[in-house]
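Written below as structure tokens is the structure these notes are about.
The values are calculated or read from the model by the stated rules, or taken from the named source; none is laboratory data. As the structure is a prediction and not an experimental result, all values here were calculated from the model. Neighbour counts are summed over all protein chains in view; Cβ atoms, including those assigned to glycine, are modelled from backbone coordinates with ideal geometry.
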Amino acid sequence: MRELIRQVLREALGVPSGSIESGEILYDLILKKLKVLPIDLDEDSTFNMRTNFSISDYKIKKVILNITFHKDNAIPDVHYYSMGFKSVSRYDPTRRPRLINIIQPNTIDVMINFAGPEDTQRKDLINYFKSDKTDIVSSLSHELGHAYNIYKKKFTGIGSQAEYNAYQKISFPFYEIRQFMFNLYYIHSVENIVRPIEVASLMRSSNVNRENFYDFITNNKTYAKLKEIGNFSVDKMIESLKLESDKIREFLDHIGVDTDNLETDDELVNELLRIVYVNIANNKVEIAKQMMTTNAFEDLMGFMGSKEEFFHKLASGFVKYQERPIDFFRREERNFKTISEKMIKKISKLYDMAKVDSSSIKDWDLHHKINKTGEQFETEIKFKRKLR
């Protein structure tokens, strides 16, 4: 009965039974595979690993592990810059259109992308992996939490998934904008649902009890990031961007925007924010279209009937702020405050899991640098709303 109560409590707190322990097991399995990578880490590697662990009722018998290593002397030290698991979905037209999550029985496909200087060798990667065990186990538990949620959820909303994917595809050569994009990604519902797992994993690794829980949680990176997001201010972002007005003008000229009539810092920043919104909106619309397209005819000619009506409603929502893009940023500021407060309260409830004595893209900038997401920009909304 005691174990049943403990399991129910963990589920209520957002930490499914076995999610933390599975991250620890997976860490040990990966460490063994790192030891047989090429010495110079000069090629990608894939391993099929037999396993036998469970997250609640989700039994995992096999892990497909994909490892890449990016070398660049501009990267000061070895670390992983992103981690994830591969998932597949297909469009479901029944009732409200949505995506059906397709799960391989008892199998998950995990990818880890590492990076480091040109002279990095296998031993350096292994030493890093050992030295940063606590954080890596937390991240692995986080990814396994994603896999578990896909397994349990069965269906995914097209709009929500399009937003989540779009945020990861956009980067700008301005720190303030990159931070804003990372905030959008960080507090998206897809990420928030597994935040308690990563924090609970760190609690376990750090042997946190109820006496030291307050110190642990207020010094935790997830807690600190949520506090930072909650304090985000559009006005402060604008003031900071004004200090880079020359760089903004140069950037706008580079992507083909006519800046002759942009005389003040305010005008330059407003145009930059418009361009940011254009790229966010266009990416959301394009990704949603790709998710809904099921044949070559639709790819060429577009959707018809009720499918077209659903897509138009969805896309119209994505371009809602076309005429007033600054309102989009102010709406997100309000969302940042509301969602961050909610998540801080949620992870604070992990106190109930603390012992009684008798923390999905880690390096945001490097992810975008390697995937070259900041090299193409759009300056106008592509989707045209119907005039009433």
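Values computed for the structure shown
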| quantity | calculated |
| --- | --- |
| Filter result (outside any loop (DSSP other than H, G, I, E, B) and either more than 27 Å from R204 (Cα to Cα) or of a type in the set (D, E) (or both)) within region 107-125 | D109, A115, G116, R122, K123, D124 |
| N127, sole failed condition from (1) loosely packed, with under 14 Cβ neighbours inside 10 Å; (2) farther than 20 Å from N48 by Cα; (3) at pLDDT below 90 | (3) |
| Which listed residue is buried (at least 20 other Cβ atoms within 10 Å of the Cβ) and over 21 Å from D135 (Cβ atoms), from I280, I229 | I280 |
| Unique residue being at pLDDT 95 or above and surrounded by 13 or more Cβ atoms within 10 Å (Cβ to Cβ) when the list is I103, I55, I25 | I25 |
| Residue among S340, S316 that alone is in a helix (DSSP H, G or I), modelled with pLDDT of 95 or more and more than 30 Å from E267 (Cα to Cα) | S340 |
| Residue in region 296-308 that is part of a helix (DSSP H, G or I), within 24 Å of the chain's Cα centre (by Cα) and either not acidic (D, E) or not assigned by TED's automatic domain parsing to the domain that holds S205 (or both) present | no |
| Options K345, K320, K372, K284: the member that is outside the structural domain of P97 (by TED's automatic domain parsing), under 26 Å from the mean Cα position of the chain (by Cα) and at positive phi | K372 |
| Complete set of residues in region 88-100 that are surrounded by 12 or more Cβ atoms within 10 Å (Cβ to Cβ) and not charged (D, E, K, R) | V88, S89, Y91, P93, P97, L99, I100 |
| Number of the condition not met by M304 [criteria: (1) aliphatic (A, V, I, L, M); (2) modelled with pLDDT of 90 or more; (3) surrounded by 12 or more Cβ atoms within 10 Å (Cβ to Cβ)] | (3) |
